[in-house]
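Taking it in order: structure first as structure tokens, then the write-up.
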Amino acid sequence: MYNYFTPNTIIEVICLTIAVISLLKDSSWVWRSMILYLLITCLTEIGGIYVSRQAHNNHWVYNIFILFEAGFTHLMFAHLFNKYINSKPIIICGLALFCLFYVYEIESHGFFRYNHLTYAILSAQFVLYSLYYYYLLIQDHGYVNLKQSSDFWWVAGILFFYFSSTACNFFDDKLYSVMITPKHHLSYFIFKGLNIILYSCWSYSFICRKWPITKSEI
Amino acid sequence: MANNEIRNLIIIITVVFLIAPGFLLAYVFIYNRRKKSHIEEKAQMKLTFEAEIAKTQLEVQEQTMQTIGADLHDNIGQLLSLTSLTLNSIELEDIAKAEQKIDTAIDLTLRSIKEMRLLGKLLQGDQLIVLGLAEAIRYEISWLERSGKFVISYLQDDELPAAGNPDKDLILFRIVQEVLNNIIKHAGGTQIGIKLGYSEGILQLSINDNGVGFDMDNLPVEQRGMGLQNIQKRAAIIGGEAIIVSNPGAGTNVTISIQYP
């Protein structure tokens, strides 16, 4: 049981707990859906550890998870873009591109090898979405208190995580030979650090989401 | 490439790619703060503008009340006194003379009624602006002409846009009133020229007189602060410019140019 407590699972469970506390009664179903997504993330992480100990290859678990990752993140971006523009064309194109690469990779190397190319494309999409969101935010005439903007910090987490993981995505094939400890290679540590940044930003974003509700109740 | 080199390269790239979003977020933060101060400045300017409009409305009303007070005292009051005197002096024994006096009293009463009607219109005060700037200026001129002290020429461009700007009209009308007041009180002239021109979205209001004029450079501070700065400040508030040209003995010319409507 002890082995399931990795830095990744711990930060994910903390983020899930904060999401449950902050978003359970949220007015937006899209924000509430983040609870479900984080629950799926935690289950995937624990499932991934379990499968790797049983069968050594847990890539198929993450191949399933990437579907949820793409779906929920696109849903959230659609929700954020809708405040400024009609998001449907961008989001539908993004999802279509993702599906195309996903099917192509499954077709080419099967379900039991991780879809690295699909993940790299998805990362690039999310980076572009984040940059476009900030562009829309700057262009908008209204003022938003960014320190307490849940949208801003949610996108910040995405941008930090997916932009910074670009190097890992690029050198994916070479990374397996770069071992830092006998058990873990370099990308494991990089993603551990990026996960901490991502879930910290998201946790803060969920707290910001809860903040105005708490304030009005006082 | 050796493993160590790959490791170092990936670490460096990851760190750089981690710093880049940091800078981007910092830029968004700074831009957002500037946006906030811009919004606050705009709100402050709007408040100042609204306060100036309210002040101008009050001044136009005050000016109207002064005109009404003066007219009641100097004109209608005199007419009614004369009517009363005429009626008092009627002797019923002399029918022919009495008829003449009654006719005079009727004539005086009719003139009083006419004056009262004009006053009633003026009582609407700043509502004159609803009729448009040109009409309001014409009305102001007609009152001034009645004093018989000034020869006023008024030229108005036919190209004036039909749909005006009530706020700008009000400020411009108040400027006209202020300039005319200055002419009456200080200039000592006999001729006043007013021109309202419009060309390529620019409205130009020009008022000149043949009064004593003044030396722009050696104007006492207390005089400079009162009327002239007010005119320039008001013109600036509606995005315009006021140019005042005057020389001792050569009259004064005030020109205001603004984007219109």
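Where a number appears in this text, it was derived from the coordinates with a stated rule and is not lab data. Just so we're clear, the structure is a prediction, and the values are computed from it rather than from any experiment. Glycine gets a Cβ as well: all are built from the backbone with ideal geometry, and neighbour counts include every protein chain shown.
Using DSSP to call loops (not H, G, I, E or B), can you name the trypsin sites (Lys or Arg not before Pro) in segment A:1-55 whose Cβ has at most 10 other Cβ atoms within 10 angstrom?
The qualifying sites are A:Lys25.
For segment B:144-261, give the magnitude of the charge dipole about the Cα centre (Cβ charges: +1 Lys/Arg, -1 Asp/Glu; no others), in debye to the nearest 20.
The dipole magnitude comes to about 380 debye.
As a test of the formula, what do you get for chain B when each DSSP H run with n ≥ 4 contributes -39,500 (n - 2.57) and the sum is divided by the residue count, at 222 nm and rounded to the nearest 500 deg cm²/dmol?
-20500 deg cm²/dmol
Per residue of segment B:234-248, what does 6.51 cos²θ - 1.76 cosθ + 1.60 with θ = phi - 60° give for ³J(HN,Hα)? Whole Hz please, x for Gly and Pro, Karplus curve as stated.
The phi angles translate into 5, 4, 5, 4, 9, x, x, 9, 10, 10, 10, 10, 8, 9, x Hz.
Over chain B, with a Gaussian network built from C-alpha contacts below 10 Å, which listed residue (B:Val28, B:Val179, B:Val130) shows the highest mean-square fluctuation?
Result for chain B, Cα springs under 10 Å: B:Val28 fluctuates most.
How high is the relative contact order of segment A:64-217, given as a whole-number percent (alpha carbon pairs under 8 Å, six or more residues apart)?
22 percent
Across peptide B:30-40, how many C-beta atoms of other chains are within 10 Å of each residue C-beta, on average?
3
In peptide A:145-151, what is the residue-averaged number of other protein chain Cβ atoms found within 10 Å of each Cβ?
Counting other chains' Cβ atoms within 10 Å and averaging over A:145-151 gives 2.
Could you give the distance between the Cα centres of segment B:137-176 and segment A:37-80, to the whole Å?
The distance from the Cα centre of segment B:137-176 to that of segment A:37-80 comes to 76 Å.
Residues of segment B:226-244 with amide nitrogen under 17 Å from the 7 Å Cα-to-Cβ point of B:Leu219?
Residues B:226-237, B:241-244 qualify, since their backbone N sits under 17 Å from the label point.
How well do other chains shield peptide A:135-144, expressed as the mean number of their Cβ atoms within 10 Å of each residue Cβ?
Averaged over the peptide's residues, the number is 3.
Which FRET efficiency value, to the nearest 0.05, is calculated for B:Asn88 and B:Ile113 with the Förster distance at 25 angstrom and r the Cβ-Cβ distance?
Once the sixth-power term is evaluated, E becomes 0.80.
If I take every Cα pair under 8 Å that is 6 or more residues apart in segment B:144-261, average their sequence separation and divide by the length, what percent do I get for the relative contact order?
So the answer I get is 29 percent.
Using Cα pairs under 8 angstrom and six or more residues apart, how large is the relative contact order of chain B, in percent?
14 percent
Rounded to the nearest 10 degrees, what's the angle between the helix A:116-139 long axis and the longest principal axis of chain A, both from Cα atoms, 0 to 90?
On a 0 to 90 degree scale, this one is about 20.
Would you compute, from DSSP H runs of 4+ residues alone, the mean residue ellipticity of chain A at 222 nm, taking -39500 (n - 2.57) per run and dividing by the full residue count, rounded to the nearest 500?
Calculated mean residue ellipticity at 222 nm is -26500 deg cm²/dmol.
Looking only at chain B, where both bridge partners belong to it, what percent of the DSSP beta bridges are antiparallel (to the nearest 5)?
If I count the DSSP bridges inside chain B, around 80 percent turn out antiparallel.
How large is ³J(HN,Hα) for each residue in segment A:41-53, as worked out from phi by the Karplus curve 6.51 cos²θ - 1.76 cosθ + 1.60 (θ = phi - 60°), to whole Hz, x for Gly and Pro?
Values per residue, Gly and Pro as x: 4, 5, 5, 5, 4, 5, x, x, 5, 4, 5, 5, 6 Hz.
Enumerate the calculated ³J(HN,Hα) couplings along segment B:40-48 in order (Karplus 6.51 cos²θ - 1.76 cosθ + 1.60, θ = phi - 60°), each rounded to whole Hz, writing x wherever the residue is Gly or Pro.
Values per residue, Gly and Pro as x: 5, 4, 4, 5, 5, 4, 5, 4, 4 Hz.
Rounded to the nearest 5, what is the percent of antiparallel bridges among the DSSP beta bridges in segment B:141-219?
Percentage antiparallel, nearest 5: 55.
Tell me, what is the FRET efficiency for B:Val151 and A:Ser28 to the nearest 0.05, using R0 = 56 angstrom and their Cβ-Cβ distance as r?
0.15
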